[in-house]
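K.L.:
Next up is a structure, given as structure tokens.
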Amino acid sequence: MPIDLTAASSDSRRELAVRLKSSPSPLFVQYADSTCWGFRPSKETMERNIIYLWICAFAVVHGNQETLPQPPISDKLPSLIKMNNDFAFHLYKKLVEMPDYQSKNIFFSPFSVSMALSELSLGAGGETRKQLLSGIGYNSSVFSTEEMHRMFHSLLEEIDQRTGVDIDVGSALYVSDKLKLLPEFLEKIKEFYHSDGFTVDFSVKETVDKINTYVKDKTHGKIDRAVDDLESDTLMFLLTYIFFQGKWDMSFDPSKTHQSTFHVDAETTVPVQMMYKYASLKVFYDDELLSKVLCLDYDDSFSMFLAVPDIHTFFEAKTIKDLEKAISRQHIEKWRTSVNKRKVSIYVPKLSLKTSYSLNDILKGLGMADMFTDNANFTGMSEENIFISKAMHKATLDIDEKGTTAAAVTTASFTPYSYNPLLFLRFDNPFMIFITDQKNGNILFFGKVVNPEEKQ
């Protein structure tokens with residue numbers, strides 16, 4: 001049942017969960033994601049609860065001294081986008097270091113994860129808070145924590161007003177009826193992150209069903225099970241979700257989709273349904289990365305970038321591992337301004353991916369370890385002692401032919417050595433995917449396709 005987020009419950013511990021979501025439909029691209037965090041009581045005191053620390057800034061003016069007007073929060077938004085996108089690459093590179101994921105498809109929403117961590121920082125104190133802020137790349141010399149939360153709120157407000165695509169981003173907080181959260185934390189998480197709030201009994205199976213139903217509804221059925229079970233001593237469960245569905249500005253003709261081969265590696269191939277189009281499209285050749293880049297737009301609002309290493313270069317052929325080691329936020333920024341329309345043939349495989357990750361070790365590897373131990377300090381959330389027992393992330397991606405049409409413009413581009421790598425772009429080798437916001441460059445989704453037929 002919904003609760004007033006200015007009040008809360010009573011006492012216990014464990015589990016916070018956040019979930020990411022994403023999933024595209026027939027050339028509809030749908031993305032769904034959910035991230036889950038579970039909070040439990042401390043092993044030492046059994047009275048440890050998540051806490052939240054928030055900082056108030058005060059300005060004091062002496063005598064007749066004048067204060068300069070502060071710039072609007074929107075002026076600092078590009079700095080938040082850079083912070084989020086840098087975090088996206090740090091998270092990705094830590095993810096691919098994990099043995100279980102090195103040769104697998106990757107797909108996740110870094111925006112959903114960074115938003116969840118920022119929410120957690122609202123209730124964190126001491127070293128836990130420092131680790132959270134450092135882990136997401138916060139720099140106090142650029143903007144204050146209050147400004148950071150206000151900018152996340154501004155992003156969510158702006159996303160809510162988008163037309164032409166179906167996008168939904170938000171969070172939810174499930175609180176045990178045994179835990180009492182501080183009113184200040186509840187007010188802030190509601191104010192800045194539009195969080196829904198619910199009082200629940202984690203000892204009954206119906207609570208898991210309620211959470212899964214909520215996520216299924218928010219992700220339009222793309223993620224139908226956010227959590228399998230929760231410990232009975234769970235005190236709180238936090239999740240963030242994101243759903244995106246967009247039609248291509250220029251759709252693919254289904255009659256031209258054909259059976260083809262995808263080269264997983266030098267020895268392995270798998271059959272795929274390959275979509276084909278010859279049209280004036282946004283493309284770019286990245287000489288630094290020796291990679292071909294394709295940009296496909298959704299209703300002048302969001303874009304998907306696909307990047308594949310050029311295996312036909314005169315130089316040493318690059319692999320997906322070379323690309324993912326070298327790529328950074330700055331390359332995505334360059335692509336946004338460098339892609340030009342030209343007549344080109346493209347081959348893009350139809351995709352349907354599902355991914356699931358435990359974030360505990362990944363976030364520890366990024367310096368955010370204390371929140372998973374008895375050292376966790378979440379005194380800004382509750383007077384009781386709690387820590388995060390589990391952090392999970394799930395995402396889905398579906399791509400196929402359907403979409404809308406748009407006018408095309410032809411331009412010319414030039415590359416050295418009379419070699420023209422952009423006569424065609426064939427994504428039949430492992431490639432990377434980015435879903436970005438055209439207005440501000442925020443990376444909503446991030447991944448790589450190693451094997452389109454992989455079922456995770």
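The values are calculated or read from the model by the stated rules, or taken from the named source; none is laboratory data. Keep in mind it's a predicted model, so treat the numbers as computed, not measured. Neighbour counts are summed over all protein chains in view; Cβ atoms, including those assigned to glycine, are modelled from backbone coordinates with ideal geometry.
K.L.:
Please go through the range 87-120 and pick out each residue that is in contact with a Gly (Cβ under 9 Å, 6 or more places away or on another chain) and closer than 29 Å to residue 236 by Cα. Give the steps one after another, and end with the answer.
P.N.:
First pass over the range 87-120, keeping only residues in contact with a Gly (Cβ under 9 Å, 6 or more places away or on another chain): 87, 90, 92, 94, 97-98, 105-108, 114, 117.
Scanning the range 87-120 gives 87, 90, 92, 94, 98, 106, 107, 108, 114, 117.
K.L.:
Hey, another quick one. Checking the conditions here, which among 177, 160 is surrounded by fewer than 18 Cβ atoms within 10 Å (Cβ to Cβ), of a type outside the set (A, V, I, L, M) and within 18 Å of residue 443 (Cα to Cα)? Step through it out loud before you land on a result.
P.N.:
On the way: 177 fails: within 18 Å of residue 443 (Cα to Cα).
On inspection, the qualifying residue turns out to be 160.
K.L.:
Out of everything in the range 166-187 that is within 22 Å of the chain's Cα centre (by Cα) and not small (Gly, Ala, Ser), what residue ends up being farthest from residue 109 (Cα to Cα)? Write out each step before concluding.
P.N.:
Initial filter on the range 166-187 (within 22 Å of the chain's Cα centre (by Cα)): 166-174.
Cutting the leftovers down to not small (Gly, Ala, Ser) gives us 166-169, 173-174.
On the way: 166: 16, 167: 13, 168: 13, 169: 11, 173: 19, 174: 22 Å.
The residue in question is 174.
K.L.:
I'm checking my understanding of the structure. Among residues of the range 168-216 that are among the hydrophobic types (A, V, I, L, M, F, W, C) and without any contact (Cβ under 8 Å) to a residue 24 or more places away in the chain, which one is farthest from residue 117 (Cα to Cα)? If you could, list the steps in order and put the result at the bottom.
P.N.:
Our first condition is that a residue be among the hydrophobic types (A, V, I, L, M, F, W, C); within the range 168-216, this holds for 169, 172-173, 175, 179, 181-182, 185-186, 189, 192, 198, 200, 202, 204, 208, 211, 215.
With without any contact (Cβ under 8 Å) to a residue 24 or more places away in the chain added as a condition, the list becomes 204, 208.
Values: 204: 28, 208: 22 Å.
The selected residue is 204.
K.L.:
Still on this structure: How many residues, within the range 332-362, are within 18 Å of the chain's Cα centre (by Cα) and either buried (at least 18 other Cβ atoms within 10 Å of the Cβ) or more than 30 Å from residue 221 (Cα to Cα) (or both)?
P.N.:
Matching residues across the range 332-362 total 9.
K.L.:
Picking from 310, 322, which residue would you name as being modelled with pLDDT under 90 and either within 30 Å of residue 159 (Cα to Cα) or touching a strand residue (DSSP E or B) at 6+ places or on another chain (Cβ under 7 Å) (or both)? Please lay out each step first, then the result.
P.N.:
On the way: 322 fails: modelled with pLDDT under 90.
Checking each option against the conditions leaves just 310.
K.L.:
Still on this structure, please answer the following. Looking at (1) modelled with pLDDT under 90; (2) surrounded by fewer than 19 Cβ atoms within 10 Å (Cβ to Cβ), can you tell me which one residue 35 breaks?
P.N.:
(2)
K.L.:
Scan the range 364-382 for residues that are part of a loop (DSSP other than H, G, I, E, B) and surrounded by 18 or more Cβ atoms within 10 Å (Cβ to Cβ) and jot them down. Let's see the steps before the verdict.
P.N.:
To start, the set of residues in the range 364-382 that are part of a loop (DSSP other than H, G, I, E, B) comprises 366-369, 373-382.
Those that are part of a loop (DSSP other than H, G, I, E, B) and surrounded by 18 or more Cβ atoms within 10 Å (Cβ to Cβ): 366, 368, 369, 376, 377, 378, 379, 380, 381, 382.
K.L.:
Determine if the range 335-354 includes at least one residue that is more than 30 Å from residue 134 (Cα to Cα), assigned to a loop (DSSP other than H, G, I, E, B) and polar (S, T, N, Q).
P.N.:
Taking every residue of the range 335-354 in turn, none turns out to be more than 30 Å from residue 134 (Cα to Cα), assigned to a loop (DSSP other than H, G, I, E, B) and polar (S, T, N, Q).
Here's the yes/no breakdown for (1) among the aromatic types (Phe, Trp, Tyr); (2) within 20 Å of residue 251 (Cβ to Cβ); (3) at pLDDT below 90:
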| position | (1), (2), (3) |
| --- | --- |
| 405 | no, yes, yes |
| 418 | no, no, yes |
| 433 | no, yes, no |
| 447 | no, no, no |
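K.L.:
Does at least one position in the range 158-179 carry a residue that is part of a helix (DSSP H, G or I) and of a type outside the set (A, V, I, L, M)?
P.N.:
Quick first cut of the range 158-179, residues part of a helix (DSSP H, G or I) only: 158-160.
With the extra rule that they be of a type outside the set (A, V, I, L, M), the set shrinks to 158, 160.
Within the range 158-179, one or more residues are part of a helix (DSSP H, G or I) and of a type outside the set (A, V, I, L, M).
K.L.:
Based on this model, can you work out whether residue 361 counts as assigned by TED's automatic domain parsing to the domain that holds residue 236, touching a Lys or Arg at 6+ places or on another chain (Cβ under 6 Å), more than 21 Å from residue 399 (Cβ to Cβ) and outside any strand (DSSP E or B)?
P.N.:
Numbers: assigned by TED's automatic domain parsing to the domain that holds residue 236: yes; touching a Lys or Arg at 6+ places or on another chain (Cβ under 6 Å): no; more than 21 Å from residue 399 (Cβ to Cβ): yes; outside any strand (DSSP E or B): yes.
The answer is no for residue 361.
K.L.:
Can you find a residue in the range 203-210 that is polar (S, T, N, Q), crowded, with 18+ Cβ neighbours inside 10 Å, outside the structural domain of residue 279 (by TED's automatic domain parsing) and not in a helix (DSSP H, G or I)?
P.N.:
Residues of the range 203-210 that are polar (S, T, N, Q), as a first pass: 203, 207.
Filter once more, keeping what is crowded, with 18+ Cβ neighbours inside 10 Å: 207.
Then keep just the ones that are outside the structural domain of residue 279 (by TED's automatic domain parsing); that gives 207.
Now narrow it down to the ones that are not in a helix (DSSP H, G or I): none.
No, the range 203-210 has no match at all.
K.L.:
Condition first: surrounded by fewer than 24 Cβ atoms within 10 Å (Cβ to Cβ), in contact with a Ser or Thr (Cβ under 7 Å, 6 or more places away or on another chain) and among the small types (Gly, Ala, Ser). Now tell me which residues in the range 107-149 satisfy that.
P.N.:
The answer is 125, and nothing else.
K.L.:
Residue 96 passes all but one of (1) of a type in the set (A, V, I, L, M); (2) in a helix (DSSP H, G or I); (3) crowded, with 24+ Cβ neighbours inside 10 Å; which number fails?
P.N.:
The one condition residue 96 does not meet is (3).
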